[in-house]
Amino acid sequence: MDDYRGYDAVGLAALVRGGEVSAAELLAAARDRAAEVNDRINAIVVEVEPLPAREGPFSGVPFLLKDLGQDLAGYPTSGGSRSLSTTPATQNATVVDRWLDAGLVVFGKTNTPEFGAKGITEPELFGPARNPWDTDHTPGGSSGGAAAAVAAGIVPCAAASDGGGSIRIPASACGLFGLKASRGLVPSGPLLQEGLGGTATNGVVSRSVRDTAAMLDVLVGAAPDGPYLPAVPATPYADEVGQDPGTLRIGLCTSSAINPQPHPEAVAAATKAGALLESLGHQVERLDRAPFDDEALARDFLTTWFAYAADSVVQAKAVSGSGDSGFEPDTLVMAALGRATKPVELVRAIENRQLHVRRLAEFHATYDLLLTPTTALPPPRIGALDLPANLQKAQKALIRARGAGLLRFTPIVDQLITENLGWVPYTQLANLTGRPAMSVPLHWTADGLPIGAQLVGRLGAEGQLLRLGAQLEQAQPWFDRLAPL
């Protein structure tokens, strides 16, 4: 098992190609590790009977899909919701086909909050996923099960997705590397295009930069039914790893209007990353305030998020025939808030994205990258973000009375905002603007919990981010730092 955990996905694939190990032996090792630890972290929630490995760059490497938006024909994609937990997918998602074509051996699906709507992974359907670094704490979300599985050594990297930080947040919480790609670079289809209006994209969480780079090579490129013909670079992303990133000018910002007092460990994560970058020859400048209106961005983000929650409930009911009992109260509240949103408010929130794009572009006219903490707090304890009991009671009463739209005038809305964004105020910028961003695991708290540093680049800056990520990985290695599970 130590030998298995000592390799990343690229390394395991090389062993298979060289005949030093078989796909069956790797799958057995992954399943053995899952049997050893999954009861303690609740990362894998659906078992999958693997298909024979296809020939590809990752042939024979064990892999896990996220149980949200990554359809595998014959298996339900529950999205963490009771309403969809027994409805099998009829065809593969485009990205799933690309992972299978790369030779990955899918043997399970990972835990996620209902419809991916939170930065924690505590669905009522499956129960909470737990952080391998300390199982009393969350692994983040919404790709929390994926990150927990990777950090626990079940697989070297796992499928993830990111609509508001859902790759970077769990990467930060679990001491992993996570990259969200630019809008349109990775296809979604065939059943869903432009997830969350183009703010969401698929990817992976991994223990090495080269794994993420090679996985990006597997995923990128147009699909026949896709909305874009993305500009894919002439050379593979894997070739960026080890290349000199040059001397970069980086703006460091830890302030947030959503959370005016980020935890000292979050500030330390960003400032230590800035110091490391300076030691590598980069120019790092401290910014007194965010180079964009993060409070307005949060309002725009949540306006669209609530509207999509409403649509998710409607679509799930249409597919499954489920009533309100098939959904969590928080989801029904968000859906009610979405239904209560006026059409002009939704259109304005969508159109405001261009304002945020322009402000970030103005920043990038001077700086190559924006450096922030990935999260404003260390990973919270399981249950710490639950609504207080009195608000839960009021919430359920209003839902039963069909008066949930009135919730926009109660403290529940403020609580939902705090719950969803208070500990993760930095990540939505890259989603609404469509820019690439990565979380790099360079800091652990005094209690031994990871907390990442985020870097946001210009549109199409994936290569630059991968070069810099690899440089940081070499300067301060993290691969051999294993969770004590």
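The values are calculated or read from the model by the stated rules, or taken from the named source; none is laboratory data. It should be emphasised that the depicted structure is a prediction, and the values quoted were computed from it without experimental measurement. No Cβ is skipped: glycine too gets one built from the backbone with ideal geometry, and neighbour counts run over all protein chains shown. Quick note on the areas: whole protein, heavy atoms, side chains included, nothing else; ligands and nucleic acids left out. Shrake-Rupley method; radii C 1.70, N 1.55, O 1.52, S 1.80 Å.
Per-atom-type breakdown for the chain gives carbon and sulfur 51% of the accessible area (1.4 Å probe, protein chains only).
Using only DSSP helix segments of four residues or longer, with each worth -39500 (n - 2.57), what per-residue ellipticity at 222 nm results for the chain after dividing by its residue count and rounding to 500? Don't skip to the end; give the middle numbers.
On the way: 16 runs with 181 residues, N = 485.
Taking each H run of at least 4 residues, the total per residue is -11500 deg cm²/dmol.
Provide the net charge surrounding PRO57, with neighbours chosen by a C-beta distance below 14 Å and charges set as Lys +1, Arg +1, Asp -1, Glu -1. For residues surrounding PRO57, the net value is -2.
When DSSP beta bridges are limited to those with both residues in the chain, what percentage is antiparallel, rounded to the nearest 5? Spell out each step's value before the answer.
Working: 26 of 39 bridges.
Beta bridges within the chain, antiparallel portion: roughly 65 percent.
How many times 2.2 N^0.38 Å is the alpha carbon radius of gyration of segment 257-330? Write down the numbers at each step before the final one.
Working: Rg = 20.5 Å, N = 74, 2.2 N^0.38 = 11.3 Å.
Rounded to two decimals, the normalised Rg is 1.82.
Pairs of C-alpha atoms in segment 127-184 farther apart than 15 Å represent 38 percent of all such pairs. Its Cα centre serving as origin, the chain has a Cβ charge dipole (Lys and Arg +1, Asp and Glu -1) of approximately 1120 debye. With a cut-off of 12 Å between beta carbons, the residues surrounding ASN92 carry a summed charge of -2, where Lys and Arg count +1 and Asp and Glu -1.
Taking a span of 30 Å or more along the helix axis (Cα atoms) and a mean Kyte-Doolittle hydropathy of at least -0.5 as the rule, the DSSP H helices of the chain that qualify are 294-320.
Starting from 0.36 nm per residue, how many nanometres of slack lie between THR247 and SER325 once their C-alpha separation is accounted for? Write down the numbers at each step before the final one.
Details: separation 78, 0.36 × 78 = 28.08 nm, distance 5.54 nm.
My answer for the length gained is 22.5 nm.
Cα convex hull, segment 97-145: 101 Å³ per residue, rounded to a whole number. Amide H to amide H distances under 5 Å link LYS66 with THR110, ALA159, where only residues 5 or more positions off or on other chains count and H is placed in the peptide plane.
Taking the Cβ of GLY140 as the centre, find all other residues whose Cβ is under 10 Å away and add up their charges (Lys, Arg: +1; Asp, Glu: -1).
Net charge around GLY140: +2.
Peptides 116-127, 210-221: what's the order by average Cβ count within 10 Å, highest mean first?
Numbers: 116-127: 25.5, 210-221: 23.8.
Per-residue mean Cβ counts within 10 Å order the peptides as 116-127, 210-221.
According to the calculation over all Cα-Cα pairs in segment 54-132, the P(r) per 5 Å bin from zero is 3, 17, 23, 22, 17, 12, 6, 1 %. To check you understand DSSP bridge types, tell me what percent of the beta bridges within segment 25-153 (both residues inside) are antiparallel, rounded to 5. So the antiparallel bridges in segment 25-153 amount to around 45 percent.
Modelled spin-label separation between GLU278 and ILE350, with each label point placed 7 Å from Cα along the Cα-to-Cβ direction: 4.5 nm. Here ASP134 sits with roughly 50 square angstrom of accessible surface, probe radius 1.4 Å. Calculated accessible area for the chain comes out at 38 Å² per residue, all protein chains present (probe 1.4 Å; ligands, DNA, RNA ignored).
Averaging the Cα positions of each part gives two centres, and for segment 1-45 and segment 235-256 these lie 30 Å apart.
From the mean inverse distance of alpha carbon pairs (Kirkwood) and the Cα radius of gyration, derive Rg over Rh for the chain. Could you put the intermediate results ahead of the total?
Working: Rg = 20.8 Å, Rh = 22.1 Å.
Rg divided by Rh gives 0.94.
Across all C-alpha atoms in segment 1-117, the radius of gyration and Dmax reach 14.6, 45 Å.
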